[in-house]
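**Q** If you scroll down you'll find the structure; I have some questions about it.
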Amino acid sequence: MRKSVLLQLSNLLMASVLLSGCMSVPDSVKGSSATPQQDLVRVLNAPQLYVGQEARFGGKVVKVENKNGMTRLEIAAQRLDDTARPMLGTPSIGRIYADIKGFVDPIDFNNQIVTVVGPIRGTEKGMIGQAAYSFVTVDVTGYQRWHLTQQIVSPPQPIDPWIWYGPPRGHHRGGYWGPPPFGYYNNGPAQVQTILTE
């Protein structure tokens, strides 16, 4: 009886693991090193130690500045998940300047969510409002602009709350195992979730 429920729970868990495993870091921001630096707080505390090291940061673009042969993105960085996507709804962990070779149209990047990868060049003094700030600067070798998408997340479906179990040895009667709380069932409403897609 319980083996059937455990098997169904196991199958659901396996399916969710497989689905999450399908998502990986996009080629555009994989970088050339096995583990690009992603801890901006650590870099901000001792930037000189990380000059030349490949890094991967992401977040919301708050400003775009076009210069001769280069475009600078000012990014309010957020922590990244395992797929290099900024974690929506988390607070900013600092600001970076991401310098992209060539012209990038500001209309395509203003207020957008991006991830960039490239070597850390150091820090540069700048301003956030009236406050002086030291920005970590990155020479961008790859970037990914993310799209905000909404999806409907349904609550987990019932796992056969009425399960027939046969008679134990030496007995003549079987029965049903259920309903909840013995069977697994969530009758909550579906939710709308905002995610980032390529």
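**Q** Return the sequence-ordered ³J(HN,Hα) values of region 47-57 in whole Hz as given by the Karplus equation 6.51 cos²θ - 1.76 cosθ + 1.60 applied to θ = phi - 60°, using x for Gly and Pro.
**A** Rounded to whole hertz, the list is x, 4, 6, 10, 4, x, 7, 5, 9, 9, 10.
**Q** How do 77-87, 124-134, 41-51 rank on mean C-beta neighbours within 10 Å, highest first? Kindly include the intermediate steps, with their values, before the conclusion.
**A** On the way: 77-87: 18.8, 124-134: 10.2, 41-51: 13.7.
Going by the mean number of other Cβ atoms within 10 Å, highest first, we get 77-87, 41-51, 124-134.
**Q** Now for a separate question. If packing is taken as the mean number of other Cβ atoms within 10 Å per residue, what is the order of 144-151, 109-116, 24-31, highest first?
**A** Descending mean neighbour count gives 109-116, 24-31, 144-151.
Every number here is computed from the coordinates shown, using simple stated rules; none is lab data. All figures in this text were calculated on a predicted structure; none of them were measured in a lab. Quick reminder, even Gly has a Cβ in these numbers, built from the backbone with ideal geometry, and neighbours come from all protein chains shown.
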